[in-house]
1. Report the label-to-label distance for residue B:206 and residue B:163 in nanometres (one decimal), using points 7 Å from each Cα along the Cα→Cβ vector.
2. In terms of the ratio Rg/(2.2 N^0.38 Å) built on C-alpha atoms, what value belongs to chain B?
3. Is segment B:29-69 best put as rounded, prolate or oblate by its Cα gyration tensor, with a ≥ b ≥ c the root eigenvalues, rounded for a/c under 1.5, and otherwise prolate when a/b is larger than b/c, oblate when not?
4. Could you work out [θ]222 nm for chain B from helices alone, using -39500 (n - 2.57) per DSSP H run of at least four and dividing by all its residues? Round to the nearest 500 deg cm²/dmol.
5. Obtain the nm distance between the two label points defined at residue B:99 and residue A:76 by a simple spin-label model: each point lies 7 Å from its Cα along the Cα-to-C-beta direction.
6. Could you tell me the extents of segment B:39-152's C-alpha atoms along the three principal axes, largest first, rounded to whole Å?
7. Between B:64, B:55, B:113, find the one with the highest GNM mean-square fluctuation for chain B; connect C-alpha pairs within less than 10 Å.
8. For a footprinting-style exposure proxy, rank B:38, B:122, B:19 by other Cβ within 10 Å, fewest first.
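Only the coordinates and a few stated rules stand behind these numbers; no lab work does. Bear in mind the structure is a predicted one, so any value in this text is a computation, not a measurement. So basically every Cβ, Gly included, is an ideal-geometry build from the backbone, and we count neighbours across all protein chains shown.
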Amino acid sequence: MIFSALVAGICSGSFPLLFAQLVDRVPGILFGLPLMALASLIFAATHHEDPAEIRFAAIHWAVWLGGILGLVLAAVLLLGWFA
Amino acid sequence: MAVTPRNIENARPRIVAISPDDGSAIDLKNPALAALLSWCVPGLGQLYQGRTYKGRLFMGAILGTFLAGLWLGGGKVVYASWKPGDTRWAYVCQAGAGLVALPAAVQSMQIHGVAKQPLFCSTFMAPPLTPGQYVSRAYADVLTRSDPEIDGDSFFDKPPLKQFRGEQVSIWQRRLGRWFDIGTLYTMLAGMLNVLVIYDAFAGPLGTPTDEDRKAHKEGKDTKPR
């Protein structure tokens with residue numbers, strides 16, 4: 001649904017507005033990335049003991065957190081755009 | 001056999017956790033002490049338990065994030081305040097980072113106490129002044145010298161004290177903009193994630209061991225404590 005709304009936005013010529021909204025959030029996103037990495041690392045390290053397992057799990061957690069938070073951000077942007 | 005501290009130590013049952021990775025035993029030593037140490041300095045409890053990799057990792061990650069947040073927020077984002085209308089709930093999370101956040105509590109108690117000024121008149125982690133708040137003359141002078149937006153007119157002269165006229169947190173937020181929020185978020189998250197680190201020191205890894213790990217533990221194949 002989010003993807004189709006994004007495509008609809010691009011096709012209808014409102015993409016610059018959506019892009020501007022995204023750019024406005026860049027500092028927040030940029031400074032949110034280290035926090036996501038930290039949370040992934042701590043989650044991984046508190047679930048495992050072996051250094052190799054911790055590294056692997058940290059990547060696993062980062063992908064999950066990034067995916068979930070990315071979807072939330074996309075949903076917020078699109079809702080703001082529709083509003 | 002003679003009773004010696006060494007014999008008592010050997011007789012005491014070991015508190016262990018099972019590693020979810022290979023089923024080996026993790027000697028938690030004194031879990032309560034380890035948890036306390038991990039609150040004081042993130043990762044210190046794990047270092048005490050001999051889990052040096054995790055100890056260093058936690059220490060670097062948590063303290064690094066906390067200090068980065070403090071720096072991003074211009075040193076103003078960690079303070080404690082329980083005054084009605086100016087309750088700093090973020091400090092509840094920040095306090096999770098341990099001793100590094102403790103000066104804020106001390107400064108808050110000092111400025112609201114009899115002295116009416118923070119420890120050594122330092123602005124470090126001191127709570128912002130609220131409208132009508134009384135402070136010592138020495139602290140008013142320090143603020144006048146250190147903050148370009150605060151001058152002699154910012155205080156009413158109420159001997160032997162001075163009464164602040166403005167609202168300092170508004171000055172900070174106007175000057176720092178979004179960095180105030182980003183710094184607050186960094187320090188809060190560092191404190192909250194340290195709760196997981198404290199739990200890890202107290203009870204071992206959160207990960208669930210597999211059936212094979214449990215079986216290996218029962219068969220005594222994991223006698224090598226970490």
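1. For residue B:206 paired with residue B:163, the spin-label model returns 5.0 nm.
2. That works out to 1.38 for chain B.
3. Oblate is the answer for segment B:29-69, as a/c is 1.5 or above yet b/c matches or exceeds a/b.
4. Computed ellipticity for chain B at 222 nm equals -13500 deg cm²/dmol.
5. Here the modelled spin labels are 3.7 nm apart.
6. Principal extents (Cα only, largest first): 54, 26, 25 Å.
7. Residue with maximal mean-square fluctuation among B:64, B:55, B:113: B:113.
8. Ranking B:38, B:122, B:19 by Cβ neighbours within 10 Å, fewest first, gives B:122, B:19, B:38.
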